[in-house]
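Below is one structure; the comments refer to it alone.
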Amino acid sequence: MRVSARVFLLGTFAVAGACNGRWSMAMPPDTGVPAPRTAAARGAHRHVHVPGEVRGERLGPVFGRSVVSTVYRDGQWLHDSAATDSVIMALVMLAPTHVSSLFRFAAGERPTPRHLTVWQRARELVARAQPDVRFDVALDALSYGSGPEVVAHLRLLDELLAPDLWYFVNWDDAERQAFDVVASATAQAHANGQPIGGLTRENEIATDSDFGVLTARGQARAIRRQLAALRQYHDLPYLVLRTPGSAGGVLTETARCHYAWRLVLGGGVGGFAPAALADSLRLAAPCRRAALSRR
């Protein structure tokens, strides 16, 4: 049976403007944004996943300036080496606090030496511009056949890349069609103190998610209704993906909200070119808190 009550878990995605509400329940004191994962931390995860760390207070700063840009997806590099480096340089210019979906791996896929080189270069250079930057790795929740399969893959990727967060597409569908995959991935992430969440197109999100991601393809009013419905039972941070053709004005009436702006080198309907995105970030008005009742 799906648990629809609030769950005590932390709630994460592109460049985001954030606004955070306050909790009325007693929460542990916030001690800051979770530290970036490093190679030295691999195999020595002692972080405890506790209330207040996943459900926004600590993720809020992470999503304050979030950029989505993909250079590799499901077995295919989307750019040659020069263009990939241009993406990294664009990220350096934008100085995001969160880089999302730089890599999206197929189920069971092992990173190659090129992945490791690009990942290390991106993390090192962006961190010079934004020391608090966090990186996630993207995966497809429906591509795994079982819980043990997804756990084995998360462990492999964690050993080689040590991402700060996990982002899953088809996260809502997988809870209905492959619940063992969602439950196992969540347990594995939380055992290592890593927030986990993903894309939802419905008014529900997988139980124990730490954040949700919505598309902005519909009308602004419909997106606001979806956010309100989600927060009735899952009061998490939500990212709304923005592209040049997506609805605007969605987050100005929502508490604990985050815009996720998609970066594409050449621009177009699928994403913002670096210079245009920089301009959008400068012009974006901060979110303001809404008078949403909290249960």
Worksheet item: Among the residues of region 146-155, is any buried (at least 24 other Cβ atoms within 10 Å of the Cβ) and not aliphatic (A, V, I, L, M)?
Response: no
Worksheet item: So which of Arg155, Arg123 ends up being over 20 Å from Ala260 (Cβ atoms) and in a helix (DSSP H, G or I)?
Response: Arg155
Discussion item. List the residue pairs whose Cβ atoms are under 8 Å apart, where the first residue sits in region 235-246 and is open to solvent by 10 Å² or more (accessible area, probe 1.4 Å) and in a loop (DSSP other than H, G, I, E, B), the second is among the basic types (Lys, Arg) and at pLDDT below 80, and the two are 6 or more positions apart or on different chains.
Written reply: Ser246/Arg217
Item to complete: Answer yes if at least one residue in region 100-119 is within 25 Å of Gly266 (Cα to Cα) and basic (Lys, Arg), and no otherwise.
Response: yes
Worksheet entry | Selection status of Ala138, open to solvent by less than 10 Å² (accessible area, probe 1.4 Å) and part of a loop (DSSP other than H, G, I, E, B) | no
Worksheet item: If only one of Gly212, Gly198, Gly193, Gly145 is closer than 25 Å to Val67 by Cβ and over 12 Å from the mean Cα position of the chain (by Cα), which one is it?
Response: Gly193
Fill in: region 186-208 - residue that is at pLDDT 90 or above and small (Gly, Ala, Ser) and, of those, surrounded by the most Cβ atoms within 10 Å (Cβ to Cβ)
Gly197
Worksheet item: Conditions: (1) part of a loop (DSSP other than H, G, I, E, B); (2) at pLDDT 80 or above; (3) among the small types (Gly, Ala, Ser). Ala290 meets all but one. Number of the miss?
Response: (2)
Worksheet entry | Of residues in region 56-112 being more than 24 Å from Cys257 (Cα to Cα) and polar (S, T, N, Q), the one surrounded by the fewest Cβ atoms within 10 Å (Cβ to Cβ) | Gln76
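The values are calculated or read from the model by the stated rules, or taken from the named source; none is laboratory data. Note that the coordinates shown come from a computational prediction; the quantities given were computed from them, not determined experimentally. Here the Cβ is made from the backbone with ideal geometry for all residues, glycine too, and neighbour counts use every protein chain on show. Areas reflect the complete protein model, heavy atoms only, side chains present, ligands, DNA and RNA absent. Shrake-Rupley method; radii C 1.70, N 1.55, O 1.52, S 1.80 Å.
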